[in-house]
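A short write-up of the structure that comes next.
The values are calculated or read from the model by the stated rules, or taken from the named source; none is laboratory data. Since the model is a prediction, treat every value here as computed from it, not as a measurement. Cβ placement follows ideal geometry from the backbone for every residue including glycine, while neighbour counts extend to all protein chains displayed. We work out accessible area using only protein heavy atoms, side chains counted, and drop any ligands, DNA or RNA first. Shrake-Rupley method; radii C 1.70, N 1.55, O 1.52, S 1.80 Å.
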Amino acid sequence: MQQLVRLVGIARFAAEGGVLAQKQRVEYRTLPTRKWLNRCHSRRVPFDWSINPYRGCEYGCKYCYARFTHDYLERHDPSLFETEIYAKDWNTDAFVQELKAVKADQIIGIGTATDPYQPAERRFLLTRQVLESMLQLRRVSIFITTKSNLVSRDCDLIVKLSEWNEVRVTLTVTTMDRDLARMTEPYAPRPDLRMKAVSRLTAAGVRVGVIANPVLPLITDSEENLEGVAKAAKEAGADQFGANVLFLKPAAQRVFFPFVAEKFPQHLGRYRASFAQGAYLKGPYPDRIRNLVNQIRTRVGIPSRDMERASLPKPPGSQMMLF
Ligand code: SF4
């Protein structure tokens, strides 16, 4: 007999949402949403607020850390994260009201859990509407993180937003090797297209950084690979480069380990052993990658992506910084 589960909270909202559109591989659904701005209280994240217009992400990166977020919707099959995409219900007036809670010098992160410029954005324009509504903000720091060249569509808006605020875009590029990227990030835009977006944004005066996150041990961690990304970033005009080592929570392991077994079976044993103790790698390896990235930055001449609050630049017009 089928067991009936009583859905509560966001899982109930998700179940009540309708189908917006269907593609061959992906179904878009609405997600009734009370709040768009999420307050971040943890000192471990450099944001005061976060905004994620979509739940789930069509890019389907094999290492994606955000797959667990579909568990809250009671969608426990990890593949649903990339095929059942929820677009939050948009209401401009309600969002503008929410923005009144944001104070000068605070930091808003857009795309902290899923990609704000994934293919759904071409249809639903939620991220664009967020940016348009934010034009009324003053002296706020806004950080946009994406793996999509679609971000350059909003170049004009980002430039306008930067007149009164500190706006920074970060493109994630783990490798310049197209074949490797196709394997690890199967539905994301090609690395060269992402770098073109960096060029377009920086040419318009937008501050752009590139991160090679996550560094995949034995797969993307070579000096040649990381330096290739750093050089391409520098050539495209990026002013920051960074890279952190992969972490794998259980929901991510459920997808990543079968991927390694299929494509890199020779590494599976080491992966299993390394992540048996926890989601984060400890010991000399993370230190080695940190040192390698520092050396590459020095050689290429591109500074670090420093997200420490104390090092964040001052938004235009700011009289003082709170951190
Ligand atoms: S782009 Fe980001 S959120 Fe989307 S699947 Fe890849 S890692 Fe996950």
SER162 passes all but one of the listed conditions (1) surrounded by fewer than 17 Cβ atoms within 10 Å (Cβ to Cβ); (2) more than 16 Å from the ligand (Cβ to nearest atom); the exception is number (1)
Looking at the stretch 116-138, can you tell me whether even one residue there is more than 16 Å from the ligand (Cβ to nearest atom), under 23 Å from GLY17 (Cα atoms) and of a type in the set (Asp, Glu)? no
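Go over the candidates LEU137, LEU126, LEU131 one by one and state the one that is under 28 Å from GLN24 (Cβ atoms) and aliphatic (A, V, I, L, M). Lay out the reasoning, then the answer.
Working: LEU137 fails: under 28 Å from GLN24 (Cβ atoms); LEU131 fails: under 28 Å from GLN24 (Cβ atoms).
Criteria check complete, one pass: LEU126.
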Flagged in the stretch 251-288 as more than 27 Å from THR170 (Cβ to Cβ) and without any contact (Cβ under 8 Å) to a residue 12 or more places away in the chain, in numbering order, are PRO258, ALA261, GLU262, PRO265, GLN266, LEU268, GLY269, ALA273, ALA276, GLN277, GLY283, PRO284
From the option list ASN52, ASN38, single residue qualifying as at pLDDT 90 or above and surrounded by fewer than 18 Cβ atoms within 10 Å (Cβ to Cβ) is ASN38
Over the stretch 95-111, the set of residues farther than 19 Å from ARG128 by Cβ, outside any loop (DSSP other than H, G, I, E, B) and aliphatic (A, V, I, L, M) is ILE107
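Can you pull out the residues in the stretch 269-286 that are of a type in the set (D, E, K, R) and loosely packed, with under 12 Cβ neighbours inside 10 Å?
Looking only at the stretch 269-286, we keep the residues that are of a type in the set (D, E, K, R), and these are 270, 272, 282.
Hit for the stretch 269-286 is LYS282, nothing else.
Criterion first (among the aromatic types (Phe, Trp, Tyr), in contact (Cβ under 8 Å) with a residue 24 or more places away in the chain, crowded, with 19+ Cβ neighbours inside 10 Å and more than 11 Å from the ligand (Cβ to nearest atom)) does TYR86 satisfy it? If you could, list the steps in order and put the result at the bottom.
Details: among the aromatic types (Phe, Trp, Tyr): yes; in contact (Cβ under 8 Å) with a residue 24 or more places away in the chain: yes; crowded, with 19+ Cβ neighbours inside 10 Å: yes; more than 11 Å from the ligand (Cβ to nearest atom): yes.
Answer is yes for this residue.
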Across (1) assigned to a helix (DSSP H, G or I); (2) in contact with a Phe, Trp or Tyr (Cβ under 8 Å, 6 or more places away or on another chain); (3) open to solvent by less than 50 Å² (accessible area, probe 1.4 Å); (4) farther than 30 Å from ASP154 by Cβ, ALA261 clears everything bar (2)
Counting only residues that are hydroxyl-bearing (Ser, Thr, Tyr), touching a residue at least 60 places away in the same chain (Cβ under 8 Å) and not in a helix (DSSP H, G or I), the stretch 112-138 contains a total of 2
Note on the stretch 165-209: residues in a strand (DSSP E or B) and within 18 Å of the chain's Cα centre (by Cα) are VAL167, ARG168, VAL169, THR170, LEU171, THR172, ARG207, VAL208, GLY209
The lone condition GLY237 fails out of (1) free of Cβ contacts under 8 Å to residues at least 40 places away in the same chain; (2) in a helix (DSSP H, G or I) is (2)
